[in-house]
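Here the structure comes first, spelled out in structure tokens, and everything after it is commentary.
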Amino acid sequence: MLEADFFNRDPQTLARALLGKVIRRRYKNTWLACRIIETEAYYLREKGSHSSLGYTEKRKAMFMPAGTIYMYYARGHDSLNISARGKGNAVLIKSAFPFFDAQSPQGNLAIMQKLNPVQGGGQLRSKEKLCAGQTLLCRAMNLKVVDWNQKTFDPQLFYFEDAGERPSRIIKTTRLGIHPDRDAHLMYRFIDYDFVKYCTRNPLTRRDAKEGRDYFIS
């Protein structure tokens, strides 16, 4: 399990460091797991962050010690964030990809698909799309605002782990869903290059996108 000290970093540094880390969530007697492939950094000082609007009870977790879970409702659905170094700073877990090993075997995919079906039709969501977005991720992992907001990780129920997975390269680009007047130009979104086609929105396939201007690869 990643300890609190791991999260005590600048938000951009933490957002990069979280790529490849594995989320473990106990559902009944089974450990579900997914690998983080996309993150976004947020600072108190910039307009895109919830905390820039001021301290409230709902935003309290962003002002709590690094490693505090901050969950909120994005268009009515659960969204997962972790507080970082500095008051009001945090990292959004934007998307992930199902992960399987001895603790979380391949058979768990069916459980995650049942938790997160295609809306309206009851069809199974594909493995590639199961956690491709912050609310889809939370649904597939059974993570809810009412259970985890303002809490810390619990090794018996929910935690992040270093399972030895590392991105070969990292893409840096602009965040999604930010109003143009609220610092939408800031390149605070980070994507595991090897999983870019499974992230929320692939910046490499955007029409007229140019490396060195619209995104950077390192």
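Just so it is clear, none of the values below were taken in a lab; they were calculated from the coordinates. Everything numeric here is computed off the predicted structure, so don't read it as measured data. When we count neighbours, we look across all protein chains shown, and the Cβ atoms used for this are built from the backbone with ideal geometry, even at glycine.
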Burial ordering of LEU53, LEU176, LEU80, fewest other beta-carbon atoms within 10 Å first: LEU53, LEU176, LEU80
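Per the Kirkwood definition applied to all pairs of different Cα atoms, how many angstroms is the hydrodynamic radius of the range 54-114? Intermediate values should be presented prior to the final figure.
On the way: mean 1/r = 0.0738 Å⁻¹.
Computed over Cα pairs of the range 54-114, the Kirkwood hydrodynamic radius comes out at 13.5 Å.
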Order of VAL146, VAL22, VAL91 under a 10 Å beta carbon neighbour criterion, fewest first: VAL146, VAL22, VAL91
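Hey, what's the per residue convex hull volume over the C-alpha atoms of the range 106-212, in cubic angstrom?
So the per-residue Cα hull volume is 178 Å³.
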Estimated 222 nm signal from helices in the chain, with DSSP H stretches of n ≥ 4 weighted -39500 (n - 2.57), rounded to 500: -3000 deg cm²/dmol
Neighbour-count ranking [beta-carbon atoms within 10 angstrom, fewest first] of ASP78, ASP192, ASP183, ASP154: ASP154, ASP183, ASP78, ASP192
Overall dimensions of the range 13-92 by Cα: Rg and Dmax, Å: 13.3, 42
In the range 181-218, the chymotrypsin sites (Phe, Trp or Tyr not before Pro) that fall in loop regions by DSSP, at most 10 other Cβ within 10 Å: none
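For the chain, what proportion of DSSP beta bridges, expressed in % and rounded to the nearest 5, is antiparallel?
Percent antiparallel among DSSP bridges in the chain is about 95.
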Fraction in percent of alpha-carbon pairs per bin - 10 Å, the chain: 9, 36, 38, 16, 1
Residue-by-residue Karplus 3J(HN,Hα) for the range 101-106, coefficients 6.51, -1.76, 1.60, Hz, glycine and proline x: 7, 4, 6, 10, x, 3
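Out of the range 5-114, which GluC sites (Glu not before Pro) are coil in DSSP terms and have no more than 12 other C-beta atoms within 10 Å?
Values: sites: GLU38, GLU40, GLU46, GLU57; in loops: GLU46, GLU57.
Within the range 5-114, the qualifying GluC sites (Glu not before Pro) (loop, at most 12 other Cβ atoms within 10 Å) are GLU57.
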